Amino acid sequence: MAAPNIADLKVLVVDDHMTARAYLEKNLKSMGFTHVDQASNTSQANEKMGATVYNIVFLDWNMPGRTGYNFMQSCRENSAYDKTAFVIVSSESGDRYIIEALKAGATSYIVKPAAENVLQENIKKVLLWLEQHSALPGAAAAGQ
């Protein structure tokens with residue numbers, strides 16, 4: 001199985017803190033991602049997701065207005081997002097938050113602040129999930 005070309009993947013980072021968005025984008029780009037968009041709340045995320053099909057959406061749990069968790073729940077009710085990986089990135093480190101997010105459809109859960117190696121390991125797992133769900137560009141052509 002060929003390694004995914006992460007430069008082709010589209011990523012959305014949703015967090016109300018600019019520094020958190022910038023940190024995640026910097027790490028994603030250092031891994032080879034080239035298409036990384038940002039949104040500061042779920043309303044902006046909804047607009048961007050209406051215009052672009054994202055492979056991975058990183059969501060902060062706690063944001064003013066609608067939470068990233070609630071946003072992910074509503075996306076998971078829409079089959080259009082069945083092949084989209086949702087990653088909750090939150091300072092909520094309790095097991096109940098992690099379990100609740102995974103049960104609601106999160107592909108992964110990252111407790112912040114996360115070290116670069118922790119981010120990279122989680123992103124590798126997300127890439128495997130995408131590959132298994134044939135959501136990578138060219139996966140269908142490769143017979144997967």
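With a Cα cut-off of under 21 Å and a minimum spacing of 8 residues unless on different chains, the lysine pairs in the chain number 23.
Neighbours of Thr52 by Cβ distance under 13 Å: Lys/Arg scored +1, Asp/Glu scored -1, total 0.
Read through the labelled values [x] 48, 18, 9; [y] 35, 25, 12; [z] 22, 17, 15 and report the label of the one computed as semi-axes √(5λ) of the Cα gyration tensor in Å from the structure. It is the value labelled [z].
The mean sequence distance of close C-alpha pairs (under 8 Å, at least 6 residues apart), as a share of the length of region 53-112, puts its relative contact order at 36 percent. Relative contact order (percent) for the chain, with alpha-carbon contacts under 8 angstrom and 6 or more residues of separation? The value is 22 percent.
Laboratory data are not the source of any read-out in this text; all were calculated from the coordinates shown. The structure displayed is predicted, hence computed values, not measured ones. Don't worry about glycine lacking a Cβ; one is built from the backbone with ideal geometry, like all the others, and counts go over all protein chains shown.
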